[in-house]
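Here's the structure, in structure tokens; my notes come after.
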Amino acid sequence: MTRKPQGELRRGWTTGACATAATRAALSALMGRGFPAQVTITLPRGETPVFALAETASGPGWAEAGVVKDAGDDPDVTHGALIRARLRFGPPGSGVSFRAGEGVGMVTRPGLPVPVGEPAINPVPRQMMAQVVAEDAPGRDVEITLSIPGGAALAAKTWNPRLGIAGGLSVLGTTGIVRPFSCAAWIASIHRGVDVARAAGLTHVAGCTGATSERVVQGLHGLPDHAMLDMGDFAGGLLKYLARHPVARLTIGGGIGKMAKLAQGATDLHSGRSQVDMAALGRLAGQPLEGVNTALEALERCGPALGAAVAAAARARAEALLAGTGIAVDTVVIDRAGTIVGRA
């Protein structure tokens, strides 16, 4: 289990920032100025971090530099990955173009910030690299190939396969900064999942709190992988985005504890940020729950009637947050073994 470090947390740098630093170093060599000892870039909000180079190489008509990603104290799957940029001069009039090398994915489904058939290099990193070319090699046409050795294996631990990004990682970042233990990256992935589902014409999507509830809900409704949104604890992040970008139907699934929190009005279901109100759960169960410490214990005492009551109350809470959208909501509550104990 990843534990949150004590004290002040150290921030890190996005893959997009690392790619920009590697691009600046490789461009210096391509322009005949040699590789710098270190590289400074300007981030979208004006910060100017300095990056060390992990490797350099060059040959006839090309130059390459690599930067090791430091994600600070964030448990980022790409922490320690090598972000490599190889640059060549492009055909006249081609401007700044991007290619995917080893470990960088390709977009295969609509709904993402870059079109189908393009490398999964997001707009802000593209803008940052293009700005480096404009500053350091004005008027030159440059082809930038990004690679992340081992990126295909790392991508299997991310949402990329479900989002339709094939073969590797995405080069991401809107600020250039990784903020430790931020919810923003997870919520952004939820948003992209909704976008991909809508672009694919799906009318029914599902958000689940974990792998077991996801398996149950997907099997129950026969939904494709890209209809399954990785909601996790962020019910509010999913519901708020769907309120602005609706679909016809939403299923929410989860264990009795997290669904009880949603039923009681919580939209962040993390154990450190919300707790089950046992007195309120007792009122929902229609019986006192003295001596009961968890929602699962309450379910064992009260039986399926509690699961059904939690499902109904969670559905009502979700419907309230989606009022006026026309989205039909159903809920599925499971126990630890994955057995359905309540539906509404």
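Overview of values
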read-out	value
Per-region count, the range 11-37, residues modelled with pLDDT of 95 or more, open to solvent by 10 Å² or more (accessible area, probe 1.4 Å) and out of contact with any Pro (no Cβ under 7 Å at 6 or more places or on another chain)	9
Answer residue from the range 41-90, given it is of a type in the set (Gly, Ala, Ser) and crowded, with 20+ Cβ neighbours inside 10 Å and is nearest to the chain's Cα centre (by Cα) among those	Ala71
Among residues of the range 177-201, those that are in contact with a Leu (Cβ under 6 Å, 6 or more places away or on another chain) and outside any helix (DSSP H, G or I), counted	1
Members of the range 93-121 found to be more than 25 Å from Phe35 (Cβ to Cβ) and either at pLDDT 95 or above or β-branched (Val, Ile, Thr) (or both), listed by number	Gly93, Gly105, Met106, Val107, Thr108, Val114, Val116, Gly117, Glu118, Ala120
Every residue from the range 193-226 that is open to solvent by 50 Å² or more (accessible area, probe 1.4 Å), under 17 Å from Ala243 (Cβ atoms) and either in contact with a helix residue (DSSP H, G or I) (Cβ under 6 Å, 6 or more places away or on another chain) or not polar (S, T, N, Q) (or both)	Arg198
Which listed residue, of Thr158, Thr174, is assigned to a loop (DSSP other than H, G, I, E, B), of a type in the set (Val, Ile, Thr), in contact with a strand residue (DSSP E or B) (Cβ under 8 Å, 6 or more places away or on another chain) and more than 24 Å from Trp62 (Cβ to Cβ)	Thr158
Residue in the range 122-140 that is touching a Lys or Arg at 6+ places or on another chain (Cβ under 8 Å) and either assigned to a strand (DSSP E or B) or free of Cβ contacts under 8 Å to residues at least 60 places away in the same chain (or both) present	no
Any hit, the range 302-318, residues being more than 26 Å from His221 (Cα to Cα) and free of Cβ contacts under 8 Å to residues at least 40 places away in the same chain	yes
Total residues in the range 91-112, condition open to solvent by 40 Å² or more (accessible area, probe 1.4 Å), touching a residue at least 60 places away in the same chain (Cβ under 8 Å) and assigned to a loop (DSSP other than H, G, I, E, B)	3
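The values are calculated or read from the model by the stated rules, or taken from the named source; none is laboratory data. Everything numeric here is computed off the predicted structure, so don't read it as measured data. Glycine also receives a Cβ, built like all others from the backbone with ideal geometry; neighbour counts cover every protein chain displayed. Calculation scope for accessible area: heavy atoms of the full protein, side chains included, ligands and nucleic acids excluded. Shrake-Rupley method; radii C 1.70, N 1.55, O 1.52, S 1.80 Å.
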